[in-house]
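Participant: Below you'll find the structure I mean.
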Amino acid sequence: MRFVSTRGGSAASFSEAVFIGLAPDGGLFVPRRLPEIDTHACGTRMFAHTAQAVLSPFLQKDALLPYLPDIVAQSFDFSAPLKALPGENDHVLELFHGPTAAFKDFGARFLAHAMAAHGQHVAPEARTTTILVATSGDTGSAVAAAFHDKPSVRVAILFPKGRVSQRQAHQLGCFGGNIAAYQVAGSFDDCQSLVKQAFMDQALRVACRLGSANSISLGRLLPQMAYYAHVAARYYLDHGQAMNFIVPTGNLGNAFAAFLAKESGLPIGEIVLATNANAVLPDFLQSGRFVPRPSVATLANAMDVGNPSNVERLAWLYPSAEDRRAKMRAHSVNDATIRARIQEGFSKYGRVWCPHTACAVDALEGLRAAGDRRPWCVVATAHPAKFAETVEPLLGREVEIPPSLAAMLARPAVFSDLPNKYEMLRAELLAHQ
Ligand SMILES: *Cc1c(COP(=O)(O)O)cnc(C)c1O
């Protein structure tokens with residue numbers, strides 16, 4: 001399988017595209033054509049088998065293909081259960097059972113194990129890679145956990161100071177070793193812009209052998225297809241109906257994987273994008289014009305994105321505005337509604353929602369109120385314990401902490417401060433070469 005840029009050129013294999021990150025013409029890598037994925041092959045009980053069936057067409061003729069079974073087995077050693085909710089035909093897909101308690105563990109772990117397999121089997125002579133990543137909260141810790149103590153890799157994480165939850169910050173700083181966490185005096189968009197400047201700086205790119213792990217990386221994007229494929233195939237084989245998904249959305253990496261799975265032939269119905277008050281995507285769908293704007297801080301901080309990078313892939317997959325409107329809806333939720341949905345989550349569903357998942361729950365309730373009877377699945381992107389300072393006062397009680405998160409919180413956390421200035425980041429990266 002070859003991957004091309006959303007802007008036209010640059011054919012590359014999967015491994016090449018993973019190491020290049022952004023295509024040389026500034027576009028994002030997309031498959032030249034989508035494979036036809038077999039629903040039966042994805043409907044097995046074992047999630048790892050589904051992941052194998054979904055990913056192997058994309059790795060055809062790639063140097064990593066022989067190692068795919070191992071990469072998949074090592075990456076997905078935790079569960080992604082689909083649970084029924086009390087309402088008829090309501091479901092939740094829990095994507096927070098990985099080491100850092102958010103869905104980003106799926107992509108980050110696959111990427112880390114793929115890169116490690118590449119270093120071990122394909123290019124053993126390669127120098128140390130520096131993974132540079134900007135995070136709005138959960139990406140950084142998933143990437144840090146996935147790459148911690150891996151040979152020949154170091155990781156530099158940029159996060160917006162004061163704009164992530166206390167536990168998210170603690171997770172970012174708790175690793176040490178080959179992981180460095182920088183708190184930037186700015187927003188997530190500032191962090192992302194610093195990272196972009198670093199990748200455009202050819203001299204730095206070569207000197208540090210920069211590698212990318214942000215949500216534009218194919219190595220994170222494609223494995224996310226696996227949980228949509230697994231749920232949709234199993235539901236279809238058991239009930240003869242397509243599952244519909246509501247995805248909490250920021251940079252559009254998670255939801256885009258759902259569209260890829262759908263367009264690769266899996267029985268997926270409608271996909272709803274649930275955003276917080278950063279309503280760029282709902283506005284884009286409505287007007288047909290993509291107008292990025294500065295992000296505003298919300299309770300669902302991992303979705304505080306004003307310029308979602310994967311819009312470029314969405315526009316590649318569905319070029320016309322009518323097409324996009326036919327394939328998806330987008331729904332924006334303000335903080336007051338997030339609070340209300342968390343507060344009533346326990347009595348209505350017997351569940352504690354994280355603020356991101358609460359946005360999707362609000363979309364579900366809107367659909368049900370409008371008389372929609374189809375099977376819907378809310379995608380739960382993080383464990384509520386990561387957002388204790390928001391969730392606990394609303395519920396008036398403590399939220400139990402999953403063991404892997406508790407272990408991270410028990411370690412000391414260390415950060416460095418970084419001004420929002422590219423020269424400072426550059427000097428820092430070169431100094432720690
Ligand atoms: C990253 C994140 C999102 C947004 O996912 P995108 O792929 O950026 O759209 C939603 N919820 C949580 C908990 C996240 O960490």
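The values are calculated or read from the model by the stated rules, or taken from the named source; none is laboratory data. These numbers come from a predicted model, not from an experiment. All Cβ positions, glycine included, derive from the backbone under ideal geometry; neighbour counts span all protein chains shown.
Participant: Working only within region 179-222, note down all residues that are among the basic types (Lys, Arg) and buried (at least 22 other Cβ atoms within 10 Å of the Cβ).
Facilitator: Of everything in region 179-222, just one residue is among the basic types (Lys, Arg) and buried (at least 22 other Cβ atoms within 10 Å of the Cβ), namely ARG220.
Participant: Still on this structure: Among the listed residues PHE284, PHE256, PHE290, which satisfies the condition of being within 9 Å of the ligand (Cβ to nearest atom) and either out of contact with any strand residue (DSSP E or B) (no Cβ under 7 Å at 6 or more places or on another chain) or more than 26 Å from PHE58 (Cβ to Cβ) (or both)?
Facilitator: Working: PHE284 fails: within 9 Å of the ligand (Cβ to nearest atom); PHE290 fails: within 9 Å of the ligand (Cβ to nearest atom).
Exactly one residue qualifies, and that residue is PHE256.
Participant: Now a separate question. Could you check region 204-236 and list, in sequence order, the residues that are of a type in the set (Val, Ile, Thr) and either at pLDDT 95 or above or more than 13 Å from the ligand (Cβ to nearest atom) (or both)?
Facilitator: VAL206, VAL231
Participant: May I ask you to say which residue of ALA330, ALA385 is assigned to a helix (DSSP H, G or I) and either of a type outside the set (Val, Ile, Thr) or modelled with pLDDT of 95 or more (or both)?
Facilitator: Working: ALA330 fails: assigned to a helix (DSSP H, G or I).
Selected residue: ALA385, the only one of ALA330, ALA385 that is assigned to a helix (DSSP H, G or I) and either of a type outside the set (Val, Ile, Thr) or modelled with pLDDT of 95 or more (or both).
Participant: Pull up region 78-97, narrow it to residues that are modelled with pLDDT of 95 or more and among the charged types (D, E, K, R), then point me to the one that is farthest from the ligand (Cβ to nearest atom).
Facilitator: Restricting to residues being modelled with pLDDT of 95 or more and among the charged types (D, E, K, R), the top hit is ASP90.
Participant: Now, a different point. Kindly list, by first and then second residue, each pair from a residue in region 20-36 that is modelled with pLDDT under 95 to a residue that is among the acidic types (Asp, Glu), limited to pairs with Cβ atoms under 6 Å and residues at least 6 apart or on different chains.
Facilitator: Between residues of region 20-36 that are modelled with pLDDT under 95 and residues that are among the acidic types (Asp, Glu), the close pairs are LEU28/GLU312.
Participant: Further, regarding this structure: Give me a count of the residues in region 367-415 that are surrounded by 12 or more Cβ atoms within 10 Å (Cβ to Cβ), touching a residue at least 60 places away in the same chain (Cβ under 8 Å) and out of contact with any Ser or Thr (no Cβ under 8 Å at 6 or more places or on another chain).
Facilitator: Number of matching residues: 14.
Participant: Something else: Please work out which residue is surrounded by the most Cβ atoms within 10 Å (Cβ to Cβ), limiting yourself to region 23-78 and to residues that are part of a helix (DSSP H, G or I) and hydroxyl-bearing (Ser, Thr, Tyr).
Facilitator: We begin by selecting, within region 23-78, every residue part of a helix (DSSP H, G or I); these are 39-42, 47-59, 65-75.
Now drop any that are not hydroxyl-bearing (Ser, Thr, Tyr), which leaves 39, 50, 56, 67, 75.
Values: THR39: 16, THR50: 28, SER56: 18, TYR67: 20, SER75: 24.
Filtering region 23-78 for residues that are part of a helix (DSSP H, G or I) and hydroxyl-bearing (Ser, Thr, Tyr), the one surrounded by the most Cβ atoms within 10 Å (Cβ to Cβ) comes out as THR50.
Participant: Taking ILE401 and the conditions (1) within 17 Å of ALA101 (Cα to Cα); (2) touching a Cys at 6+ places or on another chain (Cβ under 9 Å), which numbered condition does it fall short on, given that it satisfies the others?
Facilitator: Going through the list (1) within 17 Å of ALA101 (Cα to Cα); (2) touching a Cys at 6+ places or on another chain (Cβ under 9 Å), ILE401 breaks only (2).
Participant: Filter region 98-129 down to the residues that are within 13 Å of the ligand (Cβ to nearest atom), touching a Phe, Trp or Tyr at 6+ places or on another chain (Cβ under 9 Å) and not aliphatic (A, V, I, L, M) and list them by number. Break it down stepwise before answering.
Facilitator: Looking only at region 98-129, we keep the residues that are within 13 Å of the ligand (Cβ to nearest atom), and these are 98, 100-108.
Filter again for touching a Phe, Trp or Tyr at 6+ places or on another chain (Cβ under 9 Å), leaving 98, 102-103, 105-106, 108.
Within region 98-129, GLY98, PHE103, ASP105, PHE106 meet the criteria.
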